[in-house]
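> Sharing a structure here in structure tokens format.
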Amino acid sequence: MRLSLLIAAGSLLLFPQPALAQSSPGGVSTFPLTAGQRGPVERDTTAFSLVGVSWDDPAAVFDGSVEVRVRSLAGVWGDWHPLTVEADDRPDTDGPERARRGATAPLWVGPSDGVAVRVSGNRPAGLRAELVDPGTPTARTLPSAAHEGPRPGIVTRAGWGADESLREPAFEYTGPVRAVFVHHTDTANDYACSDASKVIRAIYQYHVKSNGWRDIGYNFLVDRCGTIYEGRAGGVDRPVLGAHTLGFNTDTAGVAALGRYSSDTVPQAQVDGIAKAAAWKLGLTGQDANGSVTLTSASDGSKFKKGTSATFRTVSGHRDAFNTECPGNVLYQRLPAIRSWSAHLQGR
């Protein structure tokens with residue numbers, strides 16, 4: 001992999017230094033980022049398809065911006081793309097799970113073998129690039145796709161090729177699921193649906209190996225073709241504690257749209273997939289998908305101080321509980337339709 005050094009006025013450009021690159025299990029390569037120097041810096045390494053930036057202290061305030069530019073396997077450098085610095089999909093501060101590192105949201109870039117990182121503003125200690133290769137899973141047989149009642153077809157973790165040796169072996173459960181928080185993964189939208197499993201494997205590795213979480217943060221993911229995927233392990237029909245909505249991971253489920261929907265149109269198939277997942281998951285506990293529920297905040301980092309009660313729609317957006325743009329303005333505007341269709345699927 002060649003790492004080209006680019007200098008721009010007003011920006012601190014940081015690049016992996018060849019002698020310090022190291023590989024960690026699970027297809028994640030990490031590269032310490034240091035102040036760049038004039039002239040090219042080159043290094044050969046294995047290919048990657050997802051990139052992010054992390055730092056030592058998960059509580060550190062990163063008052064700046066990060067942009068990345070990658071080179072495809074065809075040797076073509078792409079445009080600069082911003083990484084969301086405030087990666088607010090994460091475990092509750094006082095819960096059984098802790099984030100061991102701070103990190104940006106990951107960006108799916110497709111098969112690449114070159115990267116440049118541009119950083120402005122302050123620089124937390126231990127800043128490093130995280131390059132993830134989703135790998136190729138062992139061939140597996142999917143369970144039958146036939147489901148009874150409102151239960152939709154769900155691609156299991158085995159189906160998308162999850163390496164179960166990466167995650168914590170034990171499961172954490174909450175009380176009955178009373179609300180669903182809708183997210184977007186803030187990754188690219190131009191992936192082929194046949195590559196969705198690769199994207200999910202990369203996000204899984206990023207959450208576990210880069211962020212230090214026990215498993216992928218979301219309970220379900222939905223690609224732009226409407227396929228629903230099992231997220232965090234522990235049973236799709238059980239109340240598995242996720243790491244998706246700081247302060248409100250308890251008694252809820254996180255459903256993430258694979259992509260970024262700040263301005264791009266959300267495919268109708270993806271909207272329908274989210275609605276099906278929400279209708280079924282809420283229906284397991286008798287919750288009206290078009291209703292409301294009161295939850296208690298578990299973190300001062302949310303919109304609501306720890307211990308205070310807040311009322312949400314049973315199908316809410318991440319931004320309803322946390323100061324974030326997630327799930328993007330366009331997807332957020334589709335939530336009323338998702339609630340209506342979910343309630344219809346419940347027979348209400």
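The values are calculated or read from the model by the stated rules, or taken from the named source; none is laboratory data. Keep in mind it's a predicted model, so treat the numbers as computed, not measured. Counting neighbours? That spans all protein chains shown, and the Cβs are built from the backbone with ideal geometry, glycine included.
> Is it the case, given these coordinates, that A289 is surrounded by 21 or more Cβ atoms within 10 Å (Cβ to Cβ) and part of a helix (DSSP H, G or I)?
Values: surrounded by 21 or more Cβ atoms within 10 Å (Cβ to Cβ): yes; part of a helix (DSSP H, G or I): no.
Judged against the criteria, A289 is not a match.
> On to the next question. List every residue pair whose Cβ atoms sit under 9 Å apart, with the two residues 6 or more apart in sequence or on different chains, where the first one lies in region 193-220 and is among the hydroxyl-bearing types (S, T, Y) and the second, anywhere, is in a helix (DSSP H, G or I).
Note: pairs meeting the criteria are S197/G159; S197/W160; Y204/R157; Y204/W160; Y218/I203; Y218/H207.
> Considering every residue within region 319-338, establish whether at least one is in contact (Cβ under 8 Å) with a residue 12 or more places away in the chain, β-branched (V, I, T) and in contact with a Lys or Arg (Cβ under 9 Å, 6 or more places away or on another chain).
Just the residues of region 319-338 that are in contact (Cβ under 8 Å) with a residue 12 or more places away in the chain, to begin with: 319-332, 334-335, 337-338.
If we keep only those that are β-branched (V, I, T) too, we end up with 324, 330, 338.
The next check asks that each one be in contact with a Lys or Arg (Cβ under 9 Å, 6 or more places away or on another chain); those that pass are none.
No: region 319-338 contains no residue that is in contact (Cβ under 8 Å) with a residue 12 or more places away in the chain, β-branched (V, I, T) and in contact with a Lys or Arg (Cβ under 9 Å, 6 or more places away or on another chain).
> Turning to a different aspect of this structure: Which one is surrounded by the most Cβ atoms within 10 Å (Cβ to Cβ) among residues in region 134-155 that are under 21 Å from the mean Cα position of the chain (by Cα) and modelled with pLDDT under 90? Don't jump to the end; show me each part of the working.
Looking only at region 134-155, we keep the residues that are under 21 Å from the mean Cα position of the chain (by Cα), and these are 134-137, 154-155.
Right, trim to modelled with pLDDT under 90 and you get 134-137.
Details: P134: 26, G135: 15, T136: 9, P137: 15.
Among those residues, the one meeting the criterion is P134.
> Identify, from the list S197, S165, the residue that is closer than 21 Å to S29 by Cβ, in the same structural domain as V293 (by TED's automatic domain parsing), at pLDDT 95 or above and not in a helix (DSSP H, G or I). Reasoning before the result, please.
On the way: S197 fails: not in a helix (DSSP H, G or I).
Only one candidate passes the filter, namely S165.
> If you don't mind, another one. So which of T250, T294 ends up being touching a residue at least 60 places away in the same chain (Cβ under 8 Å) and under 12 Å from A179 (Cα atoms)?
Working: T294 fails: touching a residue at least 60 places away in the same chain (Cβ under 8 Å).
Residue meeting the stated conditions: T250.
> Return only the number of the condition from (1) surrounded by fewer than 21 Cβ atoms within 10 Å (Cβ to Cβ); (2) touching a residue at least 60 places away in the same chain (Cβ under 8 Å); (3) polar (S, T, N, Q); (4) not in a loop (DSSP other than H, G, I, E, B) that N189 does not satisfy.
All conditions are met except number (4).
> What strands (runs of 3 or more DSSP E) lie completely within region 1-86 and have 1 or more residues being among the small types (G, A, S) and modelled with pLDDT of 80 or more? Walk me through it before giving the result.
On the way: elements: 12-16, 22-24, 28-35, 48-55, 64-72, 81-83.
Counting at least 1 such residues, we get 28-35, 48-55, 64-72.
> Would it be correct to say that T174 is among the polar types (S, T, N, Q), surrounded by fewer than 21 Cβ atoms within 10 Å (Cβ to Cβ) and under 21 Å from A278 (Cβ atoms)? Give the derivation first.
On the way: among the polar types (S, T, N, Q): yes; surrounded by fewer than 21 Cβ atoms within 10 Å (Cβ to Cβ): yes; under 21 Å from A278 (Cβ atoms): yes.
Here the answer is yes, as T174 does meet what is asked.
> If A158 meets every condition in (1) in contact with a Lys or Arg (Cβ under 7 Å, 6 or more places away or on another chain); (2) crowded, with 21+ Cβ neighbours inside 10 Å; (3) not in a loop (DSSP other than H, G, I, E, B) apart from one, which number is that one?
(2)
> Taking into account only those residues within region 200-239 that are assigned to a loop (DSSP other than H, G, I, E, B) and of a type in the set (K, R), which is surrounded by the most Cβ atoms within 10 Å (Cβ to Cβ)?
As a first pass, look at region 200-239 and keep what is assigned to a loop (DSSP other than H, G, I, E, B): 211-219, 223-227, 231-239.
From what is left, the residues that are of a type in the set (K, R) are 214, 224, 232, 238.
Values: R214: 22, R224: 22, R232: 27, R238: 13.
Ranking the candidates gives R232 first.
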